[in-house]
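Everything on this sheet refers to the single structure shown next.
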Amino acid sequence: GRRIARTDTTIVVRPGMKLMLSNYGGSVTIHTWPRNAVKVLAEYGRRDWIDFREVEGALRMASQSRRGPSGSFDYNLTVPAWMPVALSGTYNDVSVDGLQGGLDVETVRGNIVVRRAAGVIGLRTIEGAVDIVGANGRIAASSVNEAVRIAQAAGTIAAEAVNGDIHLLDLDSRDVVATTVNGDVIYNGRILDGGAYRFTTHSGDISVGLSEADNATVSVSTFSGDFASSFAIQPRRSNKGERFSFVLGSGKAKVDLESFQGSIELLRPDGPLLRARVAEAWKEHAFAKEFSSEFLKKFDKNWKWELKGAAPMPEAADDGEGDDGN
């Protein structure tokens, strides 16, 4: 097999510094600790090395090779929780747990798994799933060909896909946008007064947890799909025929639902039909098999799953019961 070189080093950092890692391919796992230092464990080929430098208040790390693009680097990093992290590369599977200072990840092929994060969070992949549980801040997640799941999150939330589903679960946000072309959108979160919720797909279905108890002005637009609601509504139809709106309670939240070819359904929040939709969607994805076996086990017993059970981090260190962000 490949002859392997290893790095095991710890670099002291100052509050306010940022970590920037450029890795062509491999895997990156990030955990946090209370020290103002970055611990770097890495494995890579004998002809490769890591270039460390401090530039304009950032610790920059780059995978390097004597010839062409570097080979595969597997990083296991431990960083201060306050530290903002930016990661870029082409083939990276990324797992991050506990970052509170913001996170930016860009990869072409690879899954991105984030647990317990805060700040400005931007996650982008083309061939891979994005899975976020327990986040708070300005969150933007996108995948071209796989699913995006955002669960137990608060703040401003935007999810985008092309050939993938979007699952938004247990959200506590006044600003949620989900857009996909060939995927389904499932929303089971709070509908808050004054909030704006926009879910659109071209050829997928939309399932939203909504009840008479919510205060929302709902507009529905379908061109060739069906519309169904688990409760009686009084639609105000416009002249276009396929576009109509109705008001629940005081109408203080704005909910826009649009599917060109798919169906739109309003289901009981946390109800059995909506839970079944999520379970079905999960089983269809490689995404689900990799990240969510624990979640599926707990799914039938308890819809409000525990954060630690959502999907274990690969080789996650168990840091005790009291540290799950609640």
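Here are the numbers for the structure shown:
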{"quantity": "Dipole moment magnitude, nearest 20 debye, the stretch 156-201 about Cα centre, only Lys, Arg, Asp, Glu C-beta charged", "calculated": "100 debye"}
{"quantity": "Mean accessible surface per residue for the stretch 98-216, computed with a 1.4 Å probe while every protein chain stays in place, in Å²", "calculated": "30 Å²"}
{"quantity": "Estimated translational D of the stretch 3-53 in µm²/s (Stokes, Kirkwood radius over Cα pairs; 10 °C; 1.306 mPa s)", "calculated": "126 µm²/s"}
{"quantity": "Cα gyration tensor, the stretch 1-149 - rounded (a/c under 1.5), prolate or oblate", "calculated": "oblate"}
{"quantity": "Whole-percent carbon and sulfur share, accessible surface of the stretch 24-182, 1.4 Å", "calculated": "47 percent"}
{"quantity": "Net dipole in debye of the stretch 99-148 [+1 Lys, Arg Cβ; -1 Asp, Glu Cβ; about Cα centre; nearest 20]", "calculated": "180 debye"}
{"quantity": "Among beta bridges that DSSP assigns inside the stretch 106-263, antiparallel share in %, nearest 5", "calculated": "10 percent"}
{"quantity": "The stretch 1-48 and the stretch 184-199: distance between their alpha carbon centers, rounded to Å", "calculated": "38 Å"}
{"quantity": "Contact order normalised by residue count of the stretch 161-214, Cα under 8 Å, 6+ apart, percent", "calculated": "35 percent"}
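The values are calculated or read from the model by the stated rules, or taken from the named source; none is laboratory data. Fair warning: this is a prediction, and the values are worked out from it, not measured in the lab. For neighbour counting, all protein chains shown are included, and Cβ atoms are generated from backbone atoms with ideal geometry for every residue, glycine included. Note: accessible area is taken over every heavy atom of the protein model, side chains too, but ligands, DNA and RNA are not part of it. Shrake-Rupley method; radii C 1.70, N 1.55, O 1.52, S 1.80 Å.
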